[in-house]
Every structure is written in C-alpha cells, then in structure tokens.
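The values are calculated or read from the model by the stated rules, or taken from the named source; none is laboratory data. All of these numbers come straight from a predicted model, not from anything done at the bench. No Cβ is skipped: glycine too gets one built from the backbone with ideal geometry, and neighbour counts run over all protein chains shown.
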Amino acid sequence: MEPHVFHRDKKPGWIEVICGSMFSGKTEELIRRLKRARIARQQVEIFKPALDNRFAESEVVSHDENAIPSTPVDAAAQILLLAGGADVVGIDEAQFFDAALVEVCERLARDGRRVIVTGLDQDYLGAPFEPIPQLMAVAEYVTKLHAICVVCGAPANHSQRLVRDGHRLLLGAKESYEPRCRRCFDPHGGVSTEAQTSETPTTSAPAPPPSRLV
Ligand code: ZN
C-alpha cells in the first residue's frame with residue numbers, strides 16, 4: 001500500500017518497492033507516484049541504470065511512453081552523490097543494479113527520504129532476481145503488480161522469454177518476452193542447452209532501437 005501522507009516536519013524516510021513481471025505496469029506506477037509528489041511541490045529525483053538504454057537516454061519511459069526526466073547512473077553508489085536535497089528518490093529497473101543498491105536505499109531512507117524502487121522480482125527462469133528480494137525485505141511498503149497471461153488470461157507472475165538466449169540480463173524487445181501465469185510459464189522454453197550451461201551471467205548487447213520496444 002502506498003503511504004498517503006508525507007510528514008514534512010519530521011522527515012521520516014521509507015522505502016517502497018514496486019515489483020512484478022514484465023508488462024505489469026511497474027514503471028507506470030512509479031511515474032504515477034512521482035507525479036503526485038511533484039504536484040505537492042516535493043523535490044523528486046529519478047535514477048535508472050545507464051545499462052537500460054532501450055529508450056531515451058535521460059528519461060524514465062514506461063511502455064505507454066508516459067515519460068519523466070531521469071538521470072542514468074553506472075553504479076548504485078552514484079545515487080547517493082546525485083540525490084541532492086530530493087524529498088523523493090525514484091529508482092527504475094533496479095534489477096540491473098548490484099547488491100549495493102540495498103544499502104544505498106537504506107541510507108537514503110535513514111536520511112529522511114521517500115525511496116521508490118521498481119524492478120523485476122524474478123528472472124526469466126523464475127528465480128528471485130537480486131537485489132529486488134533483498135529490497136522487499138527491508139522496505140516498508142511492497143506492491144506486487146501482475147500482467148495478464150497471453151495464453152490463458154490469468155494474472156501473470158512470470159516473464160516468458162521467447163528467444164534462445166541464456167544470459168540473465170537481456171534487455172527485452174517486445175518479441176523477446178511475454179507475460180505468462182504459473183501454469184503456462186515454461187522457464188526453459190526459449191533457451192538452448194548450450195546457453196543454460198553458462199555460469200557467468202553476462203550482459204547481452206542491447207538491441208538496436210526499433211520503433212516499438214517493450
Ligand atoms: Zn496462463
């Protein structure tokens with residue numbers, strides 16, 4: 001549940017996590033919360049991993065192109081340096097940051113800021129996707145969103161990878177993933193045996209920007 005009151009005097013900080021599968025509306029929900037804070041004249045800063053350059057360099061862009069300006073950062077620690085006097089710190093696509101993001105968010109919250117983090121809670125195999133599970137544990141508020149299974153129409157909890165690529169981080173074009181429920185999810189459905197034996201998660205080169213990415 002999103003907290004509804006910001007106690008300006010006492011400056012209590014907290015962490016909100018918005019998680020779920022791809023196509024579940026995480027970024028749209030982040031943007032909705034940040035826009036409300038801006039209307040209340042709270043200072044808002046938004047960060048995203050520099051890795052996630054599917055869209056415009058300096059904007060958080062949800063799939064419906066509802067965009068707000070953001071700052072790309074290479075490492076979570078940079079957020080501490082760049083947060084300035086922000087009352088509200090938004091962090092998008094948090095699964096692309098390493099475990100240091102957890103301490104960064106906790107420090108921001110201890111410093112009296114509202115921290116809103118979005119990210120995938122599972123990878124393409126259905127395994128917990130760090131650091132989101134750790135952030136969920138320390139957060140005051142967790143919102144789990146669902147997409148709709150393209151096979152059966154049930155609430156979808158998983159991101160089904162449709163291409164044969166065993167890398168954990170694969171920036172998704174629309175043709176690379178689709179939302180699936182637990183029954184319809186097939187974690188190895190689109191992945192070659194050779195790719196599954198790779199033990200070192202590496203980052204695939206992002207796809208060139210076609211006109212319609214997810
Ligand atoms: Zn289904």
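List of remarks:
- Checked across segment 85-96, the condition of being within 11 Å of residue 135 (Cβ to Cβ), modelled with pLDDT of 95 or more and surrounded by fewer than 20 Cβ atoms within 10 Å (Cβ to Cβ) holds for no residue.
- Single unsatisfied condition, residue 175 versus (1) at pLDDT 95 or above; (2) more than 16 Å from the ligand (Cβ to nearest atom): (1)
- When the residues of segment 1-20 are filtered to those that are in contact with an Asp or Glu (Cβ under 8 Å, 6 or more places away or on another chain) and modelled with pLDDT of 90 or more, the one that is surrounded by the most Cβ atoms within 10 Å (Cβ to Cβ) is 18.
- Qualifying residue in segment 132-150 (condition: modelled with pLDDT of 95 or more, among the aliphatic types (A, V, I, L, M), part of a strand (DSSP E or B) and closer than 19 Å to residue 34 by Cα): yes
- Among the conditions (1) in a loop (DSSP other than H, G, I, E, B); (2) within 21 Å of residue 180 (Cβ to Cβ); (3) at pLDDT 95 or above, the only one that residue 112 does not satisfy is (2).
- The listed residue being under 26 Å from residue 11 (Cα atoms), touching a strand residue (DSSP E or B) at 6+ places or on another chain (Cβ under 6 Å), more than 16 Å from the ligand (Cβ to nearest atom) and assigned by TED's automatic domain parsing to the domain that holds residue 19, out of 100, 139: 139
- Looking across segment 151-166 at every residue that is surrounded by 17 or more Cβ atoms within 10 Å (Cβ to Cβ) and not in a loop (DSSP other than H, G, I, E, B), the one that is nearest to the ligand (Cβ to nearest atom) is identified as 156.
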